[in-house]
1. State the number of residues belonging to the stretch 55-71 that are open to solvent by 40 Å² or more (accessible area, probe 1.4 Å) and among the aliphatic types (A, V, I, L, M).
2. Checking Glu228 against (1) modelled with pLDDT under 95; (2) farther than 28 Å from Arg148 by Cβ; (3) acidic (Asp, Glu): exactly one of these is not met. Which one?
3. Taking the stretch 72-109 as the region of interest, how many residues are under 27 Å from Leu229 (Cβ atoms) and buried (at least 17 other Cβ atoms within 10 Å of the Cβ)?
4. What about Leu114, is it modelled with pLDDT under 95, under 30 Å from Ala246 (Cα atoms) and of a type outside the set (Val, Ile, Thr)?
5. Residues of the stretch 128-143 being at pLDDT 85 or above and either over 21 Å from Gly47 (Cβ atoms) or open to solvent by 10 Å² or more (accessible area, probe 1.4 Å) (or both), which ones?
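The values are calculated or read from the model by the stated rules, or taken from the named source; none is laboratory data. Every value quoted in this text rests on a predicted model; they were computed, and no experiment measured them. Here the Cβ positions follow ideal geometry from the backbone for every residue, glycine too, while neighbour counts run over all protein chains shown. Only protein heavy atoms, including side chains, enter the accessible area calculation; ligands, DNA and RNA are left aside. Shrake-Rupley method; radii C 1.70, N 1.55, O 1.52, S 1.80 Å.
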Amino acid sequence: MRERDAGSHATSRVAQGWDSAYHTPALVGPVVELLGGSALVLDGTLGGGGHSAALLDAGVGRVIGIDRDPDALATATERLADAADAGRFTALQGNYASLDALPLAGVRFTGILLDLGISSHQIDDAARGFSFREGAPLDMRMGHDASRTAADFLNEADEGELMTVFREYGDEPRAGRLAREVVRRRGTRPFATSDDLVGAIRGALGPRSGAPEFARLFQAVRIAVNDELAGLERALPALRDRLAPAGVLAIMAYHSGEDRLVKHAFRAWSEDCICPPKHPMCTCGGGHALGTVLTKRAIVASPEEVAANPRARSAKLRAWRRAE
């Protein structure tokens, strides 16, 4: 597959036929184009199974799907029951960032897909605590492998950790002020619901703070609770090494930090020498790139897809192919 310059030619294909009550997958057309010819695909973020269903329909021989969320796993398993009965689909509960903990030792994949972030169902289910709707519990765990809830994080993290999370994950220029406000408020009453975090945001950033600020900062807390950026950074080389020769790794990110990690990793793996720039001599065995970037720029959703699925607006899809 040749390198794609898709940043300025966003796909016009919409996820019709692959959406469900659980989730509407983004960028289904490009995902199928990148991975549709694979013999064995690892769907590392199974969700409602939309991408896996599309890949199986496109002729992928077999898909192994994993997800941290037992609700997602149950939904996708029911949806893809016929493929499972035919031996073409297997579902496993787990975290793509901890593949060694799953019964996949020695398995090499011709395609790997990550669709990062959270599903529509997780956002819409108030009990999961991912949204800032009134009265939602501060949970935000994608799976029970997360060691603490959002409430635990907000009540226990020191001011420095809170400031780092708000600044680095939430792009908040007044992160220090917000961290101090959280510490001040929890000294009187512990954080328990979305109202508590909304109140802290308004207390620090002003009463006119609204949905854009809430969305950014709730997302920052979610990323911290689920160790998302650190998990992705750990997972990238492990996933690369699980690819068969000429296998393709496709990753869809919704957060600038995630997309930056993916972009830099793909770029580094595609260089002949990957030693640090100021390294006095090459020690990486330079002269042979590990693979090739397939997406010159990130693939993004078309206006038509965004109109049908507004949550696809921030999706950025990048792909890399391992050398043969």
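1. So the count comes out to 1.
2. Condition (2) is where Glu228 drops out.
3. Final tally of qualifying residues: 13.
4. When the stated conditions are applied, Leu114 does not pass them.
5. Gly135, Pro137, Leu138, Asp139, Arg141
The rows are residues; the columns are (1) over 18 Å from the mean Cα position of the chain (by Cα); (2) at negative phi; (3) free of Cβ contacts under 8 Å to residues at least 60 places away in the same chain.
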{"position": "Gly36", "(1), (2), (3)": "yes, yes, yes"}
{"position": "Val41", "(1), (2), (3)": "no, yes, no"}
{"position": "Gly50", "(1), (2), (3)": "no, yes, yes"}
{"position": "Ile66", "(1), (2), (3)": "no, yes, yes"}
{"position": "Leu73", "(1), (2), (3)": "no, yes, yes"}
{"position": "Arg79", "(1), (2), (3)": "yes, yes, yes"}
